[in-house]
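Notes to accompany the following structure.
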Amino acid sequence: MNSPYKTKIGLEIHIQPKTESKMFCRCKNEFNNENPNTSICEICTGQPGTLPAANKRAIEAIIKAGIALNCDITRKVHWDRKHYFYPDLPKGYQLTQNTTALCQKGFLEFDYLDEKGRTQNKKVLINRLHLEEDAGKDTHPEGADYSLVDLNRAGAPLIELVTEPVIENKEQAAAFCRNLQKIFRYLKVSDADMEKGQMRCEVNISLGQNGKDGTKVEIKNINSFKGVRKSIEYEIKRQSEILNEGGKVKQETRGWKAQKQITVSQRGKEDAHDYRYFPEPDIPIVNITDEWLEKIKSSISELPQQKKERFIKNFNINEDIANSIIGHPDLAEYFDKTISELKAWSASQPDKLTQKELEKLYKLASNYLTTEITKMVSQAGLQFKEIPITPENFAELMLIIRNREINSSAAQKILKIMFKTKADPSQIIDEHNLRIEKNESAIEKTVDEVLKQNEKAVKDLKQGKNKALQFLMGQVMKKSADKADPKTTIEMIKRKTD
Ligand SMILES: [Zn+2]
């Protein structure tokens, strides 16, 4: 059913850059939940008479993100005090950039799958990225008549990104977040792990009709890509029902309850704060010089979209697999290293491989990486930078498979042993006697035995029943402990039953 309403969605995303120290002091920027209030000082706890200083690395981190997101970089920036009272904000104000956001007017263009599974392209305009400081954390122990405040996170740097309300549906919104996460990971600015709170999303959504904009509702507390999709789905339904009955949508902030998959009202417009922003007088204006900007630009390495295009163009791997590989910068790096190994091997051979043969090898490697290796890494609870198999050994295994020295079940077995012991594949093959039997007379002996013991299947095969061929093949494999060369075996059975 076509909806009579025009959905407009904007996103506000907070990302924690991984700097050594906090935004305006030298305290360690790490959240040590077990030891509350250990990473604090007089600056981030807001003692009077202290002098904050801006963190250069945090400024460089946001500029990197701004460049990757096609933003204009503001050259003279200052901080503003945003006033409100909360127990986890000891200063009574938060330092943020109200009028001089460091990065402005950018965009992110990406492909995504629409609700019917078709690939579409979307360009999302970005209003701004600015730098601010995080607040502390309150906990309310159950049954206790007190609350606890932990200031380890207070004063940590935080990047806030605001898009224009140009997103039309949940698929675009989730794809934007996923692509953004990838960019931050490639830039090494943040791991942007949503479950760890390193990336937090807020959605604002309105349903307009008859050419008029609708009322904006904000959804907070979303901590997964699924939450982004599901909360939008829920809000569209909720607001449509109100409008269908001739009602009015209330302008308010709602919270996403992941367990119940619903949004609930948190506060209305009447509770909106007047933050009384004013420029921070204690921190000097930061000048972003041409020289500094060039230096930051030159430190940015290949971004995910460029990498994907290169993988497809140079290595001829399909788009889905390219997408899976570039999803993790460390996996992409591993793939690049494997390719170098394969190329070097080919160049060292008297008969170099043709481009087509090389591409077949790349494809084989990319398949193993996105299936077997990915599975093993996740089962072992590892990250891609911790793959225990070296790219050199992995490339060697790919060559062994290509040269039909082992069969696919042996390949799986070898891969598992390599993952566990880090041994090189030829050593494992010898130790476990896994090399394929190519000796025709040895195979022939087994084939003859199998044919003799399975007269009915032989008869069926002679009558053209192909299932019988598979059966006989299976018997030979079983008898040879999976070592008979499949190609030789199948040809031999066919010849002998012709
Ligand atoms: Zn501090």
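Looking only at the stretch 40-63, residues that are open to solvent by less than 40 Å² (accessible area, probe 1.4 Å), within 11 Å of the ligand (Cβ to nearest atom) and touching a Cys at 6+ places or on another chain (Cβ under 7 Å) come to 4 in all. State whether the residues of the stretch 110-123 include one that is away from the ligand (no atom under 16 Å from the Cβ) and of a type in the set (Ser, Thr, Tyr). Yes: one or more hits. If you take the residues of the stretch 444-492 that are of a type in the set (Gly, Ala, Ser) and touching a helix residue (DSSP H, G or I) at 6+ places or on another chain (Cβ under 6 Å), which of them is surrounded by the most Cβ atoms within 10 Å (Cβ to Cβ)? Selected residue: ALA484. Residues in the stretch 1-34 that are touching a residue at least 12 places away in the same chain (Cβ under 8 Å) and away from the ligand (no atom under 15 Å from the Cβ): 17 in all.
Among the candidates LYS445, LYS467, LYS479, LYS438, single out the residue that is in contact (Cβ under 8 Å) with a residue 40 or more places away in the chain and farther than 22 Å from ASN367 by Cβ.
On the way: LYS445 fails: in contact (Cβ under 8 Å) with a residue 40 or more places away in the chain; LYS467 fails: in contact (Cβ under 8 Å) with a residue 40 or more places away in the chain; LYS479 fails: in contact (Cβ under 8 Å) with a residue 40 or more places away in the chain.
Exactly one of LYS445, LYS467, LYS479, LYS438 is in contact (Cβ under 8 Å) with a residue 40 or more places away in the chain and farther than 22 Å from ASN367 by Cβ, namely LYS438.
Scanning the stretch 133-158 for residues that are in contact with a Cys (Cβ under 9 Å, 6 or more places away or on another chain) and more than 15 Å from the ligand (Cβ to nearest atom) returns no hits. Listed by position, the strands (runs of 3 or more DSSP E) inside the stretch 64-151 whose residues that are open to solvent by 20 Å² or more (accessible area, probe 1.4 Å) and over 30 Å from ASP282 (Cα atoms) number at least 3 are 103-113, 119-133.
Assess whether ASN37 counts as being open to solvent by 20 Å² or more (accessible area, probe 1.4 Å), more than 16 Å from the ligand (Cβ to nearest atom), part of a loop (DSSP other than H, G, I, E, B) and not small (Gly, Ala, Ser). The answer is no for ASN37. Do we have GLY66 as within 11 Å of the ligand (Cβ to nearest atom) and of a type outside the set (Lys, Arg) here? Against the criterion (within 11 Å of the ligand (Cβ to nearest atom) and of a type outside the set (Lys, Arg)), GLY66 does not qualify.
Residues that are of a type in the set (A, V, I, L, M, F, W, C) and in contact with a Gly (Cβ under 8 Å, 6 or more places away or on another chain) within the stretch 167-193 comprise just one, ILE167. Applying the criterion of being assigned to a helix (DSSP H, G or I) and touching a helix residue (DSSP H, G or I) at 6+ places or on another chain (Cβ under 6 Å) to the residues of the stretch 302-314, the residue that is nearest to PHE184 (Cα to Cα) is PRO304. When the helices (runs of 4 or more DSSP H) confined to the stretch 410-498 are screened for residues that are over 23 Å from ILE400 (Cα atoms), those reaching at least 2 such residues are found at 440-453, 455-462, 466-479, 486-496. Examine the stretch 166-175 for a residue that is at pLDDT 95 or above and basic (Lys, Arg), and state whether such a residue exists. For the stretch 166-175, residues at pLDDT 95 or above and basic (Lys, Arg): present. Where strands (runs of 3 or more DSSP E) sit wholly within the stretch 166-275, those with at least 1 residues that are surrounded by fewer than 14 Cβ atoms within 10 Å (Cβ to Cβ) occupy 262-268. The C-beta contact set for the stretch 127-156 (first residue at positive phi, second residue outside any loop (DSSP other than H, G, I, E, B) and within 15 Å of the ligand (Cβ to nearest atom), distance under 7 angstrom, 6+ apart or interchain) comprises GLY155/GLU133. Do we have any residue at all in the stretch 413-428 that's hydrophobic (A, V, I, L, M, F, W, C), touching a Pro at 6+ places or on another chain (Cβ under 9 Å), in contact (Cβ under 8 Å) with a residue 24 or more places away in the chain and under 27 Å from LEU472 (Cβ atoms)? No; the residues of the stretch 413-428 include none that is hydrophobic (A, V, I, L, M, F, W, C), touching a Pro at 6+ places or on another chain (Cβ under 9 Å), in contact (Cβ under 8 Å) with a residue 24 or more places away in the chain and under 27 Å from LEU472 (Cβ atoms). Restricting the first member to the stretch 207-218 and to residues that are at pLDDT 95 or above, and the second to residues that are open to solvent by 60 Å² or more (accessible area, probe 1.4 Å) and of a type in the set (Gly, Ala, Ser), the beta-carbon pairs closer than 9 Å and six or more apart or on different chains are LEU207/SER3.
The values are calculated or read from the model by the stated rules, or taken from the named source; none is laboratory data. A quick note: this is a predicted structure, and the numbers were derived from the prediction, not measured. Cβ: placed from backbone, ideal geometry, glycine included. Neighbour counts: every protein chain shown. Heavy atoms of the whole protein, side chains included, go into the accessibility calculation; ligands, DNA and RNA do not. Shrake-Rupley method; radii C 1.70, N 1.55, O 1.52, S 1.80 Å.
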